[in-house]
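Down below is the structure, laid out as structure tokens.
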Amino acid sequence: MTAIVETETGPVEAGAIPSFTVTLRIMRFDPENHGPDPYWDEFDVDVHGTDRVLDALHKIKWEQDGSLTFRRSCAHGICGSDAMRINGRNRLACKTLLKDINPNKPITVEPIKGLPVIKDLVVDMEPFFASYREIMPFLIVNDGKHPSAERHQSPEQRERYDDTTKCILCAACTSSCPVFWTDGQYFGPAAIVNAHRFIFDSRDQGATQRLEVLNDKEGVWRCRTTFNCTEACPRGIEVTRAIQEVKRAMITRAF
Ligand code: SF4
Ligand code: F3S
Ligand code: FES
């Protein structure tokens, strides 16, 4: 059976889409087999305009160099595991079409910045998740009562934190923040976005605890409103705005 592919002009047979060659310039790091320093490696790959950077990485791994290491799972922009720097910008490899990033020049692919690189494009996410855990990313209800019915919420109350529920914890924001790059101590935008998601949830009673955590010297006050995080977010979350709202809540204690 012939595979059908959706294109900008409608569905066509996969074989009818012209292929072309792109060069991927990938930052490699393999201390066990290649010494302690990162190095650049180049691969030419035959691709179609409908292919994404993730497809090109798969082709390299499956057909040219099985040792190339990167994370991915869903391949559809949901799991958040394949954030990387593509032509100097943080993006999800599975959501970045090759035709949208000038395939006529070599495409650079590097690991996200500010987190320790383990191998090639795989970074150690533990410092990122440690900050996430600190803001207590779960509903806190302190009234000691077992509810006899659902905890109701109006559409307006739900709307208050709707934007920050979209986070997929990809770290594209935190690893694009120059404050995080300086020493990796700053909680980072992703942790604050996820704190926002609960601070402004009308059912939650842990806002004060979370604001105390983020009032730390490595907390929200380190944000310099650079907006890199907002530009990097693949989910279109207004990250800087959420940070500003958390700062305001800290001052007014109104949430
Ligand atoms: Fe990724 Fe956006 Fe969540 Fe940051 S806020 S972790 S960029 S989804
Ligand atoms: Fe960093 Fe975003 Fe603030 S990039 S400085 S967290 S606005
Ligand atoms: Fe899941 Fe890209 S592989 S978001």
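The values are calculated or read from the model by the stated rules, or taken from the named source; none is laboratory data. No experiment lies behind these values; they were computed from the predicted model shown. Don't worry about glycine lacking a Cβ; one is built from the backbone with ideal geometry, like all the others, and counts go over all protein chains shown.
Residue 202 is checked against (1) surrounded by fewer than 19 Cβ atoms within 10 Å (Cβ to Cβ); (2) at pLDDT 95 or above; (3) within 21 Å of residue 128 (Cα to Cα); (4) away from ligand 3 (no atom under 16 Å from the Cβ) and fails just one. What number does that condition carry?
Unmet for residue 202, out of (1) surrounded by fewer than 19 Cβ atoms within 10 Å (Cβ to Cβ); (2) at pLDDT 95 or above; (3) within 21 Å of residue 128 (Cα to Cα); (4) away from ligand 3 (no atom under 16 Å from the Cβ): (3).
Six or more apart or on different chains, Cβ atoms under 6 Å: show the pairs whose first residue is in region 207-232 and closer than 12 Å to residue 187 by Cα and at pLDDT below 95 and whose second is among the aromatic types (Phe, Trp, Tyr) and surrounded by 21 or more Cβ atoms within 10 Å (Cβ to Cβ).
Partner pairs satisfying both residue conditions: 218/186; 218/187; 219/187.
Considering only residues that are in contact with a Gly (Cβ under 9 Å, 6 or more places away or on another chain) and assigned to a loop (DSSP other than H, G, I, E, B), look in region 222-246 and name the one that is nearest to ligand 3 (Cβ to nearest atom).
234
Which one of the conditions (1) more than 16 Å from ligand 3 (Cβ to nearest atom); (2) among the small types (Gly, Ala, Ser); (3) closer than 28 Å to residue 81 by Cα; (4) touching a helix residue (DSSP H, G or I) at 6+ places or on another chain (Cβ under 6 Å) does residue 219 fail to meet, given that it meets all the rest?
All conditions pass for residue 219, except number (4).
Could you give me the residue pairs with C-beta distances under 9 Å whose first residue belongs to region 156-172 and is within 17 Å of residue 188 (Cα to Cα) and among the basic types (Lys, Arg), whose second residue is part of a loop (DSSP other than H, G, I, E, B) and away from ligand 3 (no atom under 16 Å from the Cβ) wherever it lies, and which are 6+ apart or on separate chains?
Here the result reads none, with nothing in region 156-172 linked to a residue that is part of a loop (DSSP other than H, G, I, E, B) and away from ligand 3 (no atom under 16 Å from the Cβ).
For residue 129, all conditions in the list (1) within 13 Å of the chain's Cα centre (by Cα); (2) crowded, with 20+ Cβ neighbours inside 10 Å hold save one; what is the number of the exception?
(2)
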